[in-house]
Amino acid sequence: MTFRTGLLFGAAFIAGITAGPELTRLACSGAASLTGAAFAQEASVDKGGADKTGNHAETYKLLTLFGSIFDLVRANYVEPVSDRDLITNSLNGMLSGLDPHSSYMTEKQYADMQVQTTGKFGGLGLEVQGEDGHIRVVSPIDGTPAWRAGVKPGDFIVAIDGHNIDGSPLNEAVEKMRGKPDTKITLTLIREKTPKPIVLTLTREIIHIQVVKSALYDKTGYIRIAQFDEETTDELHKAYDKLVKQAGGKLNGLVIDLRNDPGGLLNQAIDVSSSFIKSGEIVSTRARRPKDSQRWDAKGSDMTDGLPVVVLTNGGSASASEIVSGALQDHRRAILLGTKTFGKGSVQTVMPIPGNGAVRLTTARYYTPSGRSIQGLGIVPDIVVKETREDPGFSIREADLAHIIKNEGGNQTKPPARDDIPAIAAKIPNQPPANWPTFDVTKPTTDFQLQEGLRVVRSMAGVAAPDPVASLPPEQTTAAKNEAPHH
């Protein structure tokens, strides 16, 4: 079986819900009020100067062609197909053909998306993507049945309850994974470097996304942000207050974990950034028409009052995660540690069509405070540290997707030069040693990026920053491994 790498990150589904959590709203106060008439107004005219529909005769011919093919399919397809399905498929093709993140949502899919952004839905807690009939796991959500069962990013789901789904549309596969809470489901997975299919039995449940988790390591705080939904900023502040209380009133530093966070709501990314930055730009967007471009600035407070901060990133950090990472990096408010982010530098607006779902349309590019676009490039951390010594399987970023929008209109290269990188950065290895323990999600001491992040932030705070590698048993040399035992 051959799997293509151009998977649609912007068309992600979660088992139990449709529409990926990287979905953003350009103007959260107004997006929900847009109607079909509103977004159709003046659509034929490019305010940049060009009339895109000047050749009305050609447009008429193309619409006639569409009608002819519609009639041919309806009359001759191997089995009857409804007009609604044909039109829905046409709308999906029209939008997904523009870029990987634009799409049409049916009324049910739109309702499901609205439920998801509240952080609560039913299913397996499994985010998946599809292309050419293959169903690929993007990520299991922390603490859900899929996460507990050991489903991993990059797995391909090939069968559900013993029935092959390869070649099935993504929405059909998602529907099969849905079901009543406490009912069982069996998934058959294909995993890279695993010779045989993996069969897992999971129990469906109502998913309550814990978007923010926290832990205290001595006096150093750790906050994990899983995605950006309507509760993220409030939960971030609650988690920080809890850590301060646990630490006896004062933390020496903070690690923010944005790894494998696919993004979410734009306003939440802005508010999270503003929780650490007192003044200045957080992010700007540039749309097709200059009057639709916007800029958002910090709101005048830093909840930590200047505490040293390290942000963990990897290839799964996308969209809203990249807005936060870029803002904190450009303002020199945090040190980024990990690997390069996904590279999604576009903004999608949700445009409801009353009674007929909604359109999710790419309407702008966003730019970090220094003016750079990260579209297709991602954000390179200040200190590069790999998660493991092995190259990740099925590693896919924005640049690997089909027909992505161009990176243009900003500084396309590097962030502003930094002169505040802590001296300890020169001592941080870019990958774990060969004898580093196998990663176990329940054992933070096995998380190499986290341990090095704690080391850096403690050094920034001027407190003891022990080397996590120093506590490992001596690494055996090749000669010692091959030496025969003495008798």
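Using every pair of alpha-carbon atoms in the range 212-471, split the distances into 10 Å bins beginning at 0 and state the percent of pairs per bin, rounded to integers.
7, 30, 36, 19, 6, 1, 0
Going by how many other Cβ atoms sit within 10 Å of their own, how do Phe70, Phe228, Phe448 line up, fewest first? Working shown, then result.
Values: Phe70 14, Phe228 32, Phe448 22.
Ranked by crowding around the Cβ, least crowded first: Phe70, Phe448, Phe228.
Would you mind ranking Ser214, Ser346 by Cβ crowding within 10 Å, fewest neighbours first? Mind dumping the intermediate values first?
Working: Ser214 19, Ser346 23.
Going from sparsest to densest Cβ surroundings: Ser214, Ser346.
Order these peptides, 58-68, 328-338, by their mean beta-carbon neighbour count within 10 angstrom, highest first.
Details: 58-68: 10.6, 328-338: 23.4.
Those peptides, ordered most packed to least, come out 328-338, 58-68.
If I stretch the segment between Ala426 and Gln210 completely, what's the gain in nm (0.36 nm per residue apart, minus their alpha carbon distance), one decimal? Show your work: numbers first, answer last.
On the way: separation 216, 0.36 × 216 = 77.76 nm, distance 3.53 nm.
Computed gain between Ala426 and Gln210 is 74.2 nm.
Cβ neighbours within 10 Å, averaged per peptide: list 428-437, 172-181 in order, most packed at the top. Let's see the in-between values first.
Values: 428-437: 13.9, 172-181: 16.5.
Ranked by mean Cβ neighbours within 10 Å, highest first: 172-181, 428-437.
In what sequence do Trp147, Trp296 fall when counting other Cβ within 10 Å, fewest first?
Working: Trp147 17, Trp296 20.
Fewest-to-most Cβ neighbours within 10 Å comes out as Trp147, Trp296.
So, by mean Cβ neighbours within 10 angstrom, what's the order for 282-289, 376-383 with the highest one leading?
Working: 282-289: 18.5, 376-383: 21.1.
Top to bottom by mean Cβ count within 10 Å: 376-383, 282-289.
Give me Rg over Rh for the range 331-465, both radii from the alpha carbons and Rh done the Kirkwood way, two decimal places.
Details: Rg = 18.9 Å, Rh = 17.7 Å.
Across the range 331-465, the Cα-based Rg/Rh ratio is 1.07.
No lab work stands behind these numbers, since they all come straight from the coordinates. Note that the coordinates shown come from a computational prediction; the quantities given were computed from them, not determined experimentally. Heads up, the Cβs are rebuilt from the backbone with ideal geometry, glycines too, and the neighbour counts pull from every protein chain shown.
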